[in-house]
Amino acid sequence: MSSHEHLPLELDSSFLNTSTIIALCVFFALLCACIIIGHLLEEHRWANESITALLLGLCAGGVVLLVRKGASSHLLKFSEDLFFLYLLPPIIFNAGFQVKKKRFFKNFSTILLFGIFGTVISFCIISLGVFWIFRKIGVESLSLKDHLAIGAIMSATDSVCTLQVLSQDETPFLYSIVFGEGVVNDATSIVLFNSVQTLDFHNIDGLTVLKLIGTFLYLLLTSTALGIAVGLLSAFIIKTLYFGRHSTDREFALMILMAYLSYLLAELLNLSGILTVFFCGIVMSHYTWHNVTESSRITTKHAFATMSFIAETFIFLYVGMDALDIDKWRESKASAGTSAAVSSTLFALVLVGRAAFVFPIANILNCVQKSESSKIHFKQQFIMWWAGLMRGAVTIALSYNQFASYMRKSPESALMITSTIIVVLFSTIVCGSVTKPLIEAVLLRHRKPMVSDFTDNVSLEDLRVLLLESGDPSNSNNNQPARRASSLRLLIRHPTTTVHYFWRKFDDRFMRPMFGGRGFVPFVPSTPTGAADESSSA
């Protein structure tokens, strides 16, 4: 037998790392276990997949720690690049792609108030609280930049547990507010974090705050514009070139690649990739998705949701296992009392920072709203406050980004990471487990839905009549007085609905003819429409 016949056996696994294969096998087995347990708990769910993944991660980390005799629970090393480049984009894109656009934009002004203005308030309160309290605890080596970064890190919410309990049918208004504010909050927190990183705190003057605000607004607007531009480009390409004539796979592939390209371009230009890919998802669902064939529509809808689900479950699995990484706890060199004090301080500031904007903004909106049925009642305010208490993957990733590189040089940097992990575990497991019974007790689901969930805003048809009726005698039949209202008056009374009405007119007249969308039928030769077109052209 010649020697070259043994070559495949000699090269077997020589290019693979055995420890990496073992780690991936463990993670994929745990992912399967999360899916199975989530299915079994579907009927009587006290915990969602996030809590299940965290608990499984903790159990797996404990087993690994015992097997290695307390050496380390690490199977995979946490990488900010892994999170921000591969795991976060599908989660945020799917949030934009699956969002109920009508409800989202109907409450857009309210969502922006809570998601942007509210997050800034929380950021300021947490930063000031950390700066004042940490020195009394004994944590004194952190810089001003670190304190501001902690404010941005702890302002990032994770409302997954609440959204899985709320129903879009029973509480559509509350669901859209919690969902929209959660997505905008994550984007705002990351933009704030990136803005803090760009400032030079060695030369602080009166313009520092203005520079921070300017950088924040620049990242916010340019990132949004880039996402919209890439989404429109994908719609134009697919509508113009009719990919479905030859292969529906190309349609799906192009949507995935251009969505991911928007995120990478934003990061390359030092913008907010999370904002870019979110609005790219919204535009793609409004235009691009309607330009592809029916099979591609079904494929994209389920594929994006599946990728998002796997990425999010993977993140919480890792967080659970990483919580038992003994090296970080040793490097922090903090006593149990100090660690508990820091973690308690952070969570208390989260509670205060959340309450400092939810209740005031809601009551200000109630004062502006004239109709009783469109006001945000206290029970809804309480649920909105509770929904933002949980912290998740974005908080963990930003904490690593800020403190991991200095962990071995500064024990207090390691303390910040371990304290962040404690806050995430406590808020997700404890608060998340209480969410379902709490919402059922507060909202009283056995009763009829609250009236304010069905806002009494004027409908588009009523708005069309109010805007277009001129009040001429010819339009006033049957001795009925003609209704007449100016556009400015309607804009003041119903700003979101009025803007939506004019946007629909602009969209139907200019955008849809160019970029396609609802009503556009892609040409596919195998369909009856395509066959008729081919026979007529012949």
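The values are calculated or read from the model by the stated rules, or taken from the named source; none is laboratory data. Not measured: the values here are computed from a predicted model. Cβ atoms come from the backbone with ideal geometry, glycine included; neighbour counts cover every protein chain shown. Protein only, heavy atoms only, side chains kept; ligands, DNA and RNA dropped before computing areas. Shrake-Rupley method; radii C 1.70, N 1.55, O 1.52, S 1.80 Å.
Data table
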item	result
Yes/no for THR300 being in contact (Cβ under 8 Å) with a residue 12 or more places away in the chain, hydroxyl-bearing (Ser, Thr, Tyr) and over 21 Å from ALA187 (Cα atoms)	yes
Among the residues listed as PHE134, PHE173, PHE179, PHE117, the single one being more than 21 Å from the chain's Cα centre (by Cα) and over 17 Å from THR395 (Cβ atoms)	PHE134
Residue that is nearest to GLU251 (Cα to Cα), among those in segment 264-280 that are surrounded by 24 or more Cβ atoms within 10 Å (Cβ to Cβ) and not hydrophobic (A, V, I, L, M, F, W, C)	THR276
Matching option when the condition is surrounded by 17 or more Cβ atoms within 10 Å (Cβ to Cβ) and either under 18 Å from ALA60 (Cβ atoms) or touching a His at 6+ places or on another chain (Cβ under 6 Å) (or both), among PHE304, PHE309, PHE316	PHE316
Every residue from segment 172-184 that is over 18 Å from ILE92 (Cβ atoms) and buried (at least 24 other Cβ atoms within 10 Å of the Cβ)	LEU174, ILE177
Considering residues of segment 347-386 that are touching a Leu at 6+ places or on another chain (Cβ under 8 Å) and closer than 16 Å to THR110 by Cβ only, the residue modelled with the highest pLDDT	ILE361
Residues of segment 99-120 that turn out to be surrounded by 16 or more Cβ atoms within 10 Å (Cβ to Cβ), assigned to a helix (DSSP H, G or I) and polar (S, T, N, Q), as a count	2
Residue match in segment 324-333 (condition: over 19 Å from GLU412 (Cβ atoms) and not in a helix (DSSP H, G or I))	yes
Search result, residues across segment 364-394 that are part of a loop (DSSP other than H, G, I, E, B) and either under 16 Å from ILE439 (Cβ atoms) or among the charged types (D, E, K, R) (or both)	LYS370, LYS375, ILE376, HIS377, GLY388, LEU389, MET390, ARG391
Test for ASP169: is it among the charged types (D, E, K, R), modelled with pLDDT under 90 and surrounded by 21 or more Cβ atoms within 10 Å (Cβ to Cβ)	no
Tally, over segment 319-344, of residues that are open to solvent by 20 Å² or more (accessible area, probe 1.4 Å), under 25 Å from LEU148 (Cα atoms) and not hydrophobic (A, V, I, L, M, F, W, C)	6
Residue among GLU312, GLU331 that alone is of a type in the set (Asp, Glu), touching a residue at least 40 places away in the same chain (Cβ under 8 Å) and touching a Ser or Thr at 6+ places or on another chain (Cβ under 8 Å)	GLU312
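One line per residue, one yes/no per condition, for (1) small (Gly, Ala, Ser); (2) modelled with pLDDT of 95 or more; (3) closer than 24 Å to LEU219 by Cβ; (4) touching a Leu at 6+ places or on another chain (Cβ under 7 Å):
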position: MET255; (1), (2), (3), (4): no, no, no, no
position: LEU261; (1), (2), (3), (4): no, yes, yes, no
position: LEU268; (1), (2), (3), (4): no, no, yes, no
position: LEU271; (1), (2), (3), (4): no, no, yes, yes
position: THR276; (1), (2), (3), (4): no, no, yes, yes
position: ILE282; (1), (2), (3), (4): no, no, yes, no
position: THR288; (1), (2), (3), (4): no, no, no, no
position: SER296; (1), (2), (3), (4): yes, no, no, no
position: ALA305; (1), (2), (3), (4): yes, no, no, no
